1. Classify region 1-40: rounded, prolate or oblate, from the alpha-carbon gyration tensor (a ≥ b ≥ c, eigenvalue square roots; a/c under 1.5 rounded; otherwise prolate if a/b is larger than b/c)?
2. Write down the Kirkwood hydrodynamic radius of region 12-75, to one decimal in angstroms, obtained as one divided by the mean of 1/r over all alpha carbon pairs.
3. Report the extension gain between LYS50 and ARG90 in nm, rounded to one decimal, defined as 0.36 nm multiplied by the number of residues separating them, less their alpha carbon distance.
Amino acid sequence: MSIVCAKCRVGKQLNDYKLDEQGVPFDICIQCWNINSALFWSTKHFRICKSCDEKLPIDKRFRKNQYGIPYAICVTCYETKVQEDYRKLRASRILPFEAIGKKVPSPEPKVPSKIILLRR
Ligand SMILES: [Zn+2]
Ligand SMILES: [Zn+2]
């Protein structure tokens, strides 16, 4: 089954379309959507970050994808998110390890045994 794009009039598969929150495909394909969106953003100088809700200059504070469309969150929020994700990943990696007791066995305690020898 293919859907005809309302803009380029080409019949495309469902995965060539973005879906809205209800899972309904847009009437224009991803390619046309990207072109439209890039055109829209090329005339804009500011964007409101979805994360911190600040209105920031696109050129300085947002990364852009290969179509020239700025990301929905600013560089600062993006970096914070990356760090948080990494911390979560790191925490999830360490915890199960300790939970199953797979710690590296510590070498023979040499110092205490010396003390024992001295005490004799
Ligand atoms: Zn199209
Ligand atoms: Zn932000």
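Each reported figure results from applying straightforward, stated rules to the coordinates on display, with no laboratory input. Computed from a predicted structure; not experimentally measured.
1. The shape class here is oblate.
2. When all Cα pairs of region 12-75 are included, the Kirkwood radius is 12.8 Å.
3. Here the answer is 11.8 nm.
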